[in-house]
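The values are calculated or read from the model by the stated rules, or taken from the named source; none is laboratory data. What you see is a predicted model; the values in this text were computed from it and never measured. All Cβ positions, even for glycine, are placed from backbone atoms using ideal geometry, and neighbour counts span all protein chains on display.
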């Protein structure tokens with residue numbers, strides 16, 4: 001007999017070899033029908049896998065993230081089975097679950113898969129799912145595994161096998177398909193009731209541009225049709241809100257192959273939006289005691305060798321810039337923090353001078369792979385709202401909590417109300433990725449954990465998500481469609497001050513190392529603006545909108561009055577445009593609605609005679625005529641009330 005401990009602490013005896021599914025059935029058949037996998041001693045297993053020793057048990061269903069992940073990984077295997085049935089000879093790369101669904105990278109040889117092919121594959125997947133094929137796990141010796149995939153002439157599985165240790169290799173088989181996989185999987189294919197293959201993309205094998213480009217098929221599945229319908233509705237909404245689409249329609253930004261992939265060009269309206277966001281945060285920073293600094297777009301290679309960035313990221317950065325001077329090398333700046341360390345070091349500091357808070361909207365450059373670039377969310381040049389705080393050890397916690405307040409102020413101002421704070425720590429056992437001593441890491445991690453607790457944040461802990469120089473508090477924000485984004489971040493760093501030999505003179509007249517906090521409430525302006533565009537569907541709040549008012553003269557006779565109104569709006573610092581096209585007023589109104597401009601002023605001969613403006617609110621329609629001074633007061637009041645509410 002073995003003892004199974006349940007999440008509520010209850011302990012029950014079972015025969016050795018019992019499975020989590022057996023245990024679920026002993027509790028209730030209804031529960032057993034929902035079980036997708038199980039967490040045994042903290043590790044996710046097949047629900048059908050025998051448990052041979054005492055263990056803790058958590059049954060996983062669709063309501064659990066690990067349950068969904070297992071469901072979607074099993075669906076990737078179902079996709080592969082359908083592909084092999086329809087396109088014999090297909091070679092398979094990897095097929096993981098992702099945040100929403102799954103994908104499989106495949107090699108179809110010379111064949112190009114089409115949207116019509118996807119529909120055929122969906123039908124085949126549904127047919128195979130109904131067979132209730134069991135996902136069977138089998139331990140396989142390495143030689144047998146290599147022989148199997150050599151016979152299938154699958155170079156990708158053979159490549160994966162090279163790095164696997166003999167004795168730790170498993171195959172999973174369902175129906176007519178067998179795959180190299182460590183699992184886990186759902187009990188059988190019948191759990192998969194609703195299927196949608198969503199898109200086709202290209203992906204280099206192992207993410208390396210030197211390797212062959214594979215076909216990546218994305219899909220999503222659900223345990224019932226209703227959830228699929230809801231998901232597809234949100235998918236359509238997401239397409240309407242796509243920042244790349246709206247960025248073009250609203251004339252915010254563009255890209256040019258001649259300038260370079262992943263290097264956005266900000267158009268006038270987009271630049272105004274950026275400047276408004278920068279001014280908003282700069283004011284909040286100045287009020288909080290931050291000092292503005294500016295650093296170059298390049299730095300000596302030695303700067304990043306000292307910081308450790310070159311060792312960790314040098315291969316993934318733009319290549320060094322060689323000057324005519326022998327041995328002189330520069331890098332495009334991948335990080336602002338080494339520059340800020342040198343600014344701190346430029347003058348001696350006393351314990352009374354700390355904390356020193358240095359802030360910069362600094363543009364940095366990182367060489368992202370061609371296939372990974374995506375609008376503004378993944379670019380090669382981006383501007384961080386970066387700041388670095390240098391403080392005494394006894395100030396770390398207080399400063400960290402002040403930064404939390406600033407991040408939450410930013411989120412509230414832009415109506416991001418649903419967020420989780422992720423405490424990103426080192427890997428629990430593997431320390432090879434990180435620099436610095438365990439003692440300093442322990443202090444840094446403790447400061448984050450205590451600060452988040454005292455602020456009452458809704459937190460989750462994720463191991464192996466820390467930066468190489470220190471742990472982080474990452475803010476995971478849900479947008480209007482429920483999608484999760486990592487935006488603001490705060491990091492505690494004992495290591496860069498050590499590497500740069502930063503000092504201050506303490507009250508004891510001795511030299512001490514400061515502690516460094518890295519923080520970026522936006523993260524990067526590019527990514528933040530992309531998320532903001534999709535969150536508000538391009539309908540920016542009045543205080544942030546690049547154009548707040550569009551004037552619509554009904555005819556040429558109203559043009560002179562429109563110019564008079566324009567002068568008064570300009571004096572009141574209200575951002576406006578005049579639509580002086582020779583078009584009917586109905587078309588002008590429709591076009592302004594599509595441009596998502598908050599207010600319209602319809603100006604005709606009657607308005608000019610009465611010295612009033614006819615006001616329309618975006619998506620709400622006509623709100624009546626009023627004197628211009630009253631409208632200006634309305635605008636100012638809305639802007640001020642929004643800012644006050646922030």
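Observations on the model:
- Residue within segment 104-122 that is within 21 Å of residue 184 (Cβ to Cβ), in contact with a strand residue (DSSP E or B) (Cβ under 7 Å, 6 or more places away or on another chain), part of a helix (DSSP H, G or I) and in the same structural domain as residue 183 (by TED's automatic domain parsing) present: no
- Whichever residue in segment 181-207 is part of a loop (DSSP other than H, G, I, E, B) and in contact (Cβ under 8 Å) with a residue 60 or more places away in the chain and, among such residues, is farthest from the chain's Cα centre (by Cα): 187
- Matching residues in segment 419-443 - criterion: being modelled with pLDDT of 90 or more and surrounded by fewer than 18 Cβ atoms within 10 Å (Cβ to Cβ): 420
- Filter pass, residue 316 being without any contact (Cβ under 8 Å) to a residue 60 or more places away in the chain and surrounded by fewer than 17 Cβ atoms within 10 Å (Cβ to Cβ): yes
- Annotation note: of 21, 78, the sole residue that is in contact (Cβ under 8 Å) with a residue 60 or more places away in the chain, touching a helix residue (DSSP H, G or I) at 6+ places or on another chain (Cβ under 9 Å), assigned to a helix (DSSP H, G or I) and not assigned by TED's automatic domain parsing to the domain that holds residue 184 is 21.
- Residue that is modelled with the lowest pLDDT [pool: residues in segment 84-124 that are on the phi > 0 side of the Ramachandran plot and loosely packed, with under 15 Cβ neighbours inside 10 Å]: 109
- Qualifying residue in segment 512-531 (condition: assigned by TED's automatic domain parsing to the domain that holds residue 340, assigned to a loop (DSSP other than H, G, I, E, B), at positive phi and modelled with pLDDT of 95 or more): no
- Residues considered: 404, 423, 435, 448. Of these, the only one that is assigned by TED's automatic domain parsing to the domain that holds residue 295, assigned to a helix (DSSP H, G or I) and either closer than 30 Å to residue 317 by Cβ or free of Cβ contacts under 8 Å to residues at least 24 places away in the same chain (or both) is 448.
- Any hit, segment 285-301, residues being touching a strand residue (DSSP E or B) at 6+ places or on another chain (Cβ under 7 Å) and over 25 Å from residue 343 (Cα atoms): no
- Residue in segment 507-524 that is farther than 18 Å from residue 449 by Cβ, touching a helix residue (DSSP H, G or I) at 6+ places or on another chain (Cβ under 9 Å) and surrounded by fewer than 17 Cβ atoms within 10 Å (Cβ to Cβ) present: no
- Condition met for residue 127 (modelled with pLDDT under 95 and exposed (fewer than 15 other Cβ atoms within 10 Å of the Cβ)): no
- Looking only at segment 367-415, and only at residues there that are buried (at least 18 other Cβ atoms within 10 Å of the Cβ) and at pLDDT below 90, the one that is farthest from the chain's Cα centre (by Cα): 413
- Segment 264-299, residues that are exposed (fewer than 15 other Cβ atoms within 10 Å of the Cβ), within 24 Å of the chain's Cα centre (by Cα) and not in a helix (DSSP H, G or I): 265
- Residue within segment 324-333 that is touching a helix residue (DSSP H, G or I) at 6+ places or on another chain (Cβ under 6 Å) and crowded, with 19+ Cβ neighbours inside 10 Å present: yes
- Test for residue 333: is it in contact (Cβ under 8 Å) with a residue 12 or more places away in the chain and in the same structural domain as residue 516 (by TED's automatic domain parsing): yes
- Cβ-Cβ contacts under 9 Å between residues 6 or more apart (or on different chains), taken from a first residue in segment 488-506 that is on the phi > 0 side of the Ramachandran plot and in the same structural domain as residue 388 (by TED's automatic domain parsing) to a second residue that is surrounded by fewer than 21 Cβ atoms within 10 Å (Cβ to Cβ) and outside any loop (DSSP other than H, G, I, E, B), are listed as 501/345.
- Subset of segment 336-350 (residues that are more than 36 Å from the chain's Cα centre (by Cα) and touching a residue at least 12 places away in the same chain (Cβ under 8 Å)): 348, 349, 350
- Residue ranges of helices (runs of 4 or more DSSP H) in segment 552-646 with at least 3 members within 41 Å of the chain's Cα centre (by Cα) and surrounded by fewer than 15 Cβ atoms within 10 Å (Cβ to Cβ): 585-594, 628-645
- Qualifying residues in segment 39-75 (those that are part of a strand (DSSP E or B) and in contact (Cβ under 8 Å) with a residue 60 or more places away in the chain) - the one surrounded by the fewest Cβ atoms within 10 Å (Cβ to Cβ): 44
- Among the criteria (1) touching a helix residue (DSSP H, G or I) at 6+ places or on another chain (Cβ under 7 Å); (2) over 29 Å from residue 263 (Cα atoms); (3) in a strand (DSSP E or B), the one residue 388 does not fulfil is (2).
- Matching residues in segment 141-180 - criterion: being out of contact with any strand residue (DSSP E or B) (no Cβ under 9 Å at 6 or more places or on another chain), farther than 21 Å from residue 84 by Cβ and without any contact (Cβ under 8 Å) to a residue 24 or more places away in the chain: 143, 162, 163, 165
- Taking the conditions (1) surrounded by 24 or more Cβ atoms within 10 Å (Cβ to Cβ); (2) farther than 30 Å from residue 356 by Cβ; (3) touching a helix residue (DSSP H, G or I) at 6+ places or on another chain (Cβ under 6 Å) in turn, residue 549 satisfies each one other than (3).
- Some residue of segment 553-573 being in the same structural domain as residue 634 (by TED's automatic domain parsing), closer than 23 Å to residue 245 by Cβ and either touching a strand residue (DSSP E or B) at 6+ places or on another chain (Cβ under 9 Å) or at pLDDT below 95 (or both): no
- Scanning segment 454-469 for any residue that is touching a helix residue (DSSP H, G or I) at 6+ places or on another chain (Cβ under 6 Å), assigned by TED's automatic domain parsing to the domain that holds residue 357, in a loop (DSSP other than H, G, I, E, B) and closer than 30 Å to residue 378 by Cβ turns up at least one such residue.
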